[in-house]
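Below: the structure, in structure tokens.
The values are calculated or read from the model by the stated rules, or taken from the named source; none is laboratory data. All figures in this text were calculated on a predicted structure; none of them were measured in a lab. So basically every Cβ, Gly included, is an ideal-geometry build from the backbone, and we count neighbours across all protein chains shown. Calculation scope for accessible area: heavy atoms of the full protein, side chains included, ligands and nucleic acids excluded. Shrake-Rupley method; radii C 1.70, N 1.55, O 1.52, S 1.80 Å.
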Amino acid sequence: MIYSKTDRMIETERLRLRLFKKSDAKEIALMCNNYNVYKSTLSLPNPYTIECALSWIESHEENFKENSKYEFAITDKVTGQLYGAIGISNQKQFKHGEMGYWIAEANWGNGYASEAAKAVIEFVFKEKDFHRVYARHFASNPASGKVMKNCRMLYEGTMKDHIVKNGRFEDIVLYGIINSRK
């Protein structure tokens, strides 16, 4: 993982994680206005419009400046193709944050979420002095749990019927990782 403070960009072997731009809004709306992406995320609205994307992007700059949340576009390092998004909150008083991500359905199964998640964990441990990172996924979405395991996050428990999604209660599975460099 290589982080550029000036550009607020993270590079990995295949990916460039960069801040979103307003020009990404149309593509984000196309990717997120997909029931299969929606049903596996905690907070994406459905339908997902360009206005949703623009509103979401609008908050990123301020969140980054305030060190309250870091949100990145997951893009191809060479072509710039947008694959999805990854973000992490910064709970400064507790020195931890919750990570979340989504990948456009056309790009599932390529390891982009795992590669991006590993880089974001390294970024917050090295650059932001986090002690812990945690993430949650619907029990009905084991692929997201695989991403967490690929990042060496440890299973911490299952919260039964914790979220209502589409009129159904869903179990939420919790994973976490401690900064071993401290």
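Laid out as a table, the results:
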item: Qualifying residue in region 167-181 (condition: touching a strand residue (DSSP E or B) at 6+ places or on another chain (Cβ under 9 Å), in a strand (DSSP E or B), among the acidic types (D, E) and surrounded by 14 or more Cβ atoms within 10 Å (Cβ to Cβ)); result: yes
item: Subset of region 20-52 [open to solvent by less than 30 Å² (accessible area, probe 1.4 Å) and more than 17 Å from N107 (Cβ to Cβ)]; result: A25
item: Condition check for Y70: aromatic (F, W, Y), over 17 Å from E27 (Cβ atoms) and within 11 Å of the chain's Cα centre (by Cα); result: yes
item: Any hit, region 117-136, residues being among the small types (G, A, S), closer than 18 Å to C32 by Cβ and in contact (Cβ under 8 Å) with a residue 60 or more places away in the chain; result: no
item: Whichever residue in region 147-162 is more than 20 Å from I103 (Cβ to Cβ) and among the aliphatic types (A, V, I, L, M) and, among such residues, is most open to solvent (accessible area, probe 1.4 Å); result: L154
item: Any hit, region 58-65, residues being in contact (Cβ under 8 Å) with a residue 12 or more places away in the chain, in contact with a strand residue (DSSP E or B) (Cβ under 9 Å, 6 or more places away or on another chain) and part of a strand (DSSP E or B); result: no
item: Test result for A113, surrounded by 15 or more Cβ atoms within 10 Å (Cβ to Cβ), within 23 Å of Y48 (Cα to Cα) and in contact with a strand residue (DSSP E or B) (Cβ under 8 Å, 6 or more places away or on another chain); result: yes
